[in-house]
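Asker: Sharing a structure, written as structure tokens. Questions coming.
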Amino acid sequence: MSKIKTGGLVAAVGLLSCTAMVQAADLPPRTAPPAFTAPILVNNWDGFYAGSTYGYGFTNFNTRQNGSRNVSASGQTGGGIVGYNLQNGHFVYGAEGSIDLNVIRKTDPGGRGVAPTSLDSLYDIRLRGRLGYEFGWFMPFVAGGAIINETYQSQVVPSNDFGQNRQSVGYTIGAGVDVKINPARFLPFNNSFIDTFLGPLIFRLEYIHDGLPTSTYTFNGQSYRTRSDSNFVRAAIISRFGDNPPRPYVDKMGDVNWSGAYGGVFGGGASLTPSTRVLGSGAKTKFDATGALGGLYAGTNFIVFNRVMLGVEGSTSYTDITGHGQEPTGPASFRNYVQADIRGRVGYAFGNFLPFAAAGILYGRSEQIDTVTGSQRGRVNSEAFTFGGGLDYRLTERVSLRGEYLRESTFNNKVVNLNNCVCKQQLDGNIFRIGAAYHFE
């Protein structure tokens, strides 16, 4: 009897096992659970950010000589911006810096005891504190701080050979709104490329008011006391860590992932060679100028074929590159005071190291003065090809360090009118920069 019971038990177990196997064969195959991705908090605004600015400004110049006269000018402005936010509940506060090149110029016809002059606002450097209140995907804010401006004022008649650049420090206040957007959401077609290229961004629209104190401009035996105040409407496109879906710091090949947006600051030095040629005679002179520079840079990297980096980058910098030499018109001094560039980059990633080559277009401004007569050209534009290379090193998951060399060579020579000489200037040189960037993805 016990054998019968035992045999029946074994058969029952075998039958249940077969039944379970048949049922299991009818079920879908088991898959690994989906990877967990932390949701992006719309109301998270703290951390580092960087971007590009563009706007339009209106400047009122007041010049006093034997009398007083006002003249209004308007024009474009644009540059780079970096900042850091801290958040406490709905309140967001932090510090921000920007460098903007201006195209705001006007000729004052004179009168009312003031001689005719030309006025030219060259650039603005702003250092501001910000306070905002976030409402999820948008944040209104107020801002205020200090501004450094450089303006060029020159005579109009009988020629514009004489003038002077003056740098002044004033105040800046303003208000605006930051709005988080995802460009891909608004496109009706496959937006994977847009997601990769841009991803979520912050769009900013703001109003800025700047006030500058009176500066004295002295040239060609006359003095002018000029002050200005400006109103700007400025937009910005900004990247910030935390708004983009997280990407692994180390990719599936075990390499550091260099893809994504970044922004940072740099400093360094340059050696430039201004050369001037008299049109029609062939006379040409050149001398060397050296000095320091510092500014902001931002860009985006793309990794293809596992390790090849393709990218685009822009920078804006304040420079103090000076020199003295002999020009066709006499002894002269030179100063390059601002530069901006946009470049394409290509590199190859080796873990924490990313050697790269870069090439693009550089725009700069300089002044040139005949040290005997005082004849001055305070805004000499230069457009140049720039190329070079460097090395990025990933110090931490979010921070990289950089060292690079750039070569610039003018492709559009500019007229420099000193002492009624119609001359053209060419500017070539070498730039060395070191920097630190924050990676947003």
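The values are calculated or read from the model by the stated rules, or taken from the named source; none is laboratory data. Since this is a predicted model, take the numbers as computed values, not measurements. When we count neighbours, we look across all protein chains shown, and the Cβ atoms used for this are built from the backbone with ideal geometry, even at glycine. Keep in mind that these areas ignore ligands, DNA and RNA; they rest on the heavy atoms of the full protein, side chains included. Shrake-Rupley method; radii C 1.70, N 1.55, O 1.52, S 1.80 Å.
Asker: Any residue in the stretch 419-441 that is closer than 19 Å to Ala283 by Cβ and acidic (Asp, Glu) sitting within a Cβ distance under 6 Å of a residue that is at pLDDT 90 or above and assigned to a strand (DSSP E or B)? List the pairs, counting only those 6 or more apart or interchain.
Answerer: From residues that are closer than 19 Å to Ala283 by Cβ and acidic (Asp, Glu), the pairs are Asp428/Thr273; Asp428/Ser409.
Asker: Ok, one more. Test each condition in (1) charged (D, E, K, R); (2) in contact with a Cys (Cβ under 9 Å, 6 or more places away or on another chain); (3) open to solvent by less than 20 Å² (accessible area, probe 1.4 Å) for Glu313 and report the one that comes out false.
Answerer: If we test Glu313 against (1) charged (D, E, K, R); (2) in contact with a Cys (Cβ under 9 Å, 6 or more places away or on another chain); (3) open to solvent by less than 20 Å² (accessible area, probe 1.4 Å), just (2) comes out false.
To keep it simple, each residue is scored yes or no on (1) in contact with an Asp or Glu (Cβ under 6 Å, 6 or more places away or on another chain); (2) closer than 17 Å to Thr329 by Cα; (3) surrounded by fewer than 16 Cβ atoms within 10 Å (Cβ to Cβ).
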site	(1), (2), (3)
Gly260	yes, no, no
Gly269	no, no, no
Pro274	no, yes, no
Ala283	no, yes, yes
Gly295	no, no, no
Thr300	no, no, no
Ile303	no, no, no
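Asker: Can you name the residue in the stretch 346-360 that is surrounded by fewer than 23 Cβ atoms within 10 Å (Cβ to Cβ) and not hydrophobic (A, V, I, L, M, F, W, C) and, of all such residues, is modelled with the lowest pLDDT?
Answerer: Among those residues, the one meeting the criterion is Gly351.
Asker: Do we have Thr31 as at pLDDT below 50, outside any strand (DSSP E or B), open to solvent by less than 70 Å² (accessible area, probe 1.4 Å) and farther than 30 Å from Val92 by Cα here? Working first, answer last.
Answerer: Working: at pLDDT below 50: yes; outside any strand (DSSP E or B): yes; open to solvent by less than 70 Å² (accessible area, probe 1.4 Å): no; farther than 30 Å from Val92 by Cα: yes.
No; evaluated as a whole, the condition is false for this residue.
Asker: I'm told Tyr249 meets every condition in (1) farther than 21 Å from Phe353 by Cβ; (2) surrounded by fewer than 21 Cβ atoms within 10 Å (Cβ to Cβ); (3) at pLDDT below 90; (4) of a type outside the set (Asp, Glu) except one. Can you identify the failing condition by its number?
Answerer: In the conditions (1) farther than 21 Å from Phe353 by Cβ; (2) surrounded by fewer than 21 Cβ atoms within 10 Å (Cβ to Cβ); (3) at pLDDT below 90; (4) of a type outside the set (Asp, Glu), Tyr249 misses (1) alone.
Asker: Does the stretch 129-144 hold any residues that are over 15 Å from Phe232 (Cα atoms) and of a type outside the set (A, V, I, L, M, F, W, C), and which are they? Break it down into steps so the answer makes sense when it comes.
Answerer: Residues of the stretch 129-144 over 15 Å from Phe232 (Cα atoms): 129-141.
Answer for the stretch 129-144, where residues must be over 15 Å from Phe232 (Cα atoms) and of a type outside the set (A, V, I, L, M, F, W, C): Gly129, Arg130, Gly132, Tyr133, Glu134, Gly136, Pro140.
Asker: Among the residues that make up the stretch 303-314, is at least one of them in a strand (DSSP E or B), closer than 30 Å to Gly83 by Cβ and at pLDDT below 90?
Answerer: Looking only at the stretch 303-314, we keep the residues that are in a strand (DSSP E or B), and these are 303-304, 308-314.
Pick out the ones that are also closer than 30 Å to Gly83 by Cβ and you get 303, 309-314.
Subset that is at pLDDT below 90: 303.
Yes, the conditions are met somewhere in the stretch 303-314.
Asker: Here is a further query. Check off (1) under 30 Å from Gly260 (Cα atoms); (2) in a strand (DSSP E or B); (3) open to solvent by 10 Å² or more (accessible area, probe 1.4 Å) for Thr410 and give me the number that stays unchecked.
Answerer: Checking Thr410 against (1) under 30 Å from Gly260 (Cα atoms); (2) in a strand (DSSP E or B); (3) open to solvent by 10 Å² or more (accessible area, probe 1.4 Å), the one that fails is (1).
Asker: Name the residues in the stretch 265-288 that are over 22 Å from Leu101 (Cα atoms) and in contact with a Leu (Cβ under 9 Å, 6 or more places away or on another chain), would you?
Answerer: Selection gives Thr273, Ser275, Thr276, Asp288.
Asker: Can you name every residue in the stretch 415-437 that is within 21 Å of Ser317 (Cβ to Cβ) and basic (Lys, Arg)? Before the answer, list the steps.
Answerer: Here is the first cut: in the stretch 415-437, the ones within 21 Å of Ser317 (Cβ to Cβ) are 425-437.
Of everything in the stretch 415-437, just one residue is within 21 Å of Ser317 (Cβ to Cβ) and basic (Lys, Arg), namely Arg433.
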